[in-house]
Structures are given as structure tokens and as C-alpha cells.
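The values are calculated or read from the model by the stated rules, or taken from the named source; none is laboratory data. Note that the coordinates shown come from a computational prediction; the quantities given were computed from them, not determined experimentally. Reconstructed Cβ throughout: ideal geometry from the backbone, glycine too, with neighbour counts over all protein chains shown.
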Amino acid sequence: MIRRVALMAVLLSVFSAPAASVEPDEILADPGLENRARAISKQLRCLVCQNQSIDDSDAPLARDLRIVVRERLTAGASDEEIVRFVAERYGDFVLLSPPFKAATYALWLGPAAIFLIGGAAVAVFLRRRRASVPGEAPALNEQERAKLDRLLGGDGAS
């Protein structure tokens, strides 16, 4: 039974992987150029799907961008020129890995800042917790001690 479940899990993970949405009429005749086109397409975000590359997306805009990439490749543009061309028209958001510059500092440094702030908060919490040793009651003043003696002594006075 366990083997069947494991086999089903493996098969589902294999078949659930995103399939490339490049259509046959988009594929270039030159395998070298096609490989470059696929590599570039994996770097560019689909503006409709937003969490997929244009290589994986079947949205019409992604198809148009894949065609633009292939047209620029056949025109002789380098990979960097094509990525820059698309980014100039659609902004850095189209890049799955945005550049490190002033506009994206929060994007790149934000997770580290949140991690550091969280670590500092945990350290402060643990330090305060360690400062108050469990099991030790704070000392009572004379008035509190007298009231406790009356309560424990059974006087009934409060």
C-alpha cells in the first residue's frame, strides 16, 4: 500500500510540472537560436500570470513576447540586448530576477531586514524571560505580608 502511494506521489509530481507553452509555429529552425530563445524566455515574467515565465505561460501576451524574443534573435541581437529591450518597454517587473538598484533595494534587502528584526525581537524576548526566573516570587512588603498572614491564619479579616 505504501509503495502504491509513493508511486502515485512521484507520478503526480512529474506530471504536475509546468509544461512549456511554446507552440510549434513559434519554434525556430536553428536549434542554437531556439535554445537561446528558451533561455531568455525563462528569464522574463508573464505580465498576465505574474508567477510564470513567458516560456511556461500560455497567455496571448506571453506568446507575443516569445515571438518578439525570437524575432530579435533572428535579427542578430544578443541575449542581454533582448532582455534590455523588453525591460525598457515593460519595466523591471518583467524580469523574474530584477536588478539590484535603488528602486529594488527593498525587494532585495527586505527579507534580510525582516529576518534581523525578528531575530532581535526573539533575543529581547528570551533575555527578558531569563531575567525573571520562574519559581521565584517577588518579595512582599510589610503590608502585603501582614495581609497574607491574616488570610492564611484564618482570621477572616480582609
Note to self: Given the condition closer than 30 Å to V22 by Cβ, in the same structural domain as E23 (by TED's automatic domain parsing), assigned to a helix (DSSP H, G or I) and acidic (D, E), answer yes or no: does some residue in region 49-64 qualify?
What the structure shows: yes
Checklist line | Complete set of residues in region 70-119 that are more than 15 Å from A39 (Cβ to Cβ) and hydroxyl-bearing (S, T, Y) | finding: T74, Y90, T104, Y105
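Is it the case that some residue within region 129-137 is surrounded by fewer than 10 Cβ atoms within 10 Å (Cβ to Cβ) and modelled with pLDDT of 80 or more? Reasoning before the result, please.
Taking region 129-137 as the starting set, the residues that turn out to be surrounded by fewer than 10 Cβ atoms within 10 Å (Cβ to Cβ) are 130-137.
Those left that are additionally modelled with pLDDT of 80 or more: none.
No, region 129-137 contains no residue that is surrounded by fewer than 10 Cβ atoms within 10 Å (Cβ to Cβ) and modelled with pLDDT of 80 or more.
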Check: Could you give every pair whose Cβ atoms fall below 6 Å, whose first residue belongs to region 102-118 and is of a type in the set (F, W, Y), and whose second residue is outside any helix (DSSP H, G or I), counting only separations of at least 6 or pairs across chains?
Finding: W108/F100
Margin query: Of all residues being aliphatic (A, V, I, L, M) and within 13 Å of R38 (Cα to Cα) in region 49-69, which is surrounded by the fewest Cβ atoms within 10 Å (Cβ to Cβ)? Just the residue, please.
Written below: I67
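Can we say L107 is modelled with pLDDT under 85 and part of a helix (DSSP H, G or I)? Give the steps one after another, and end with the answer.
Working: modelled with pLDDT under 85: yes; part of a helix (DSSP H, G or I): yes.
So L107 fits the description; yes.
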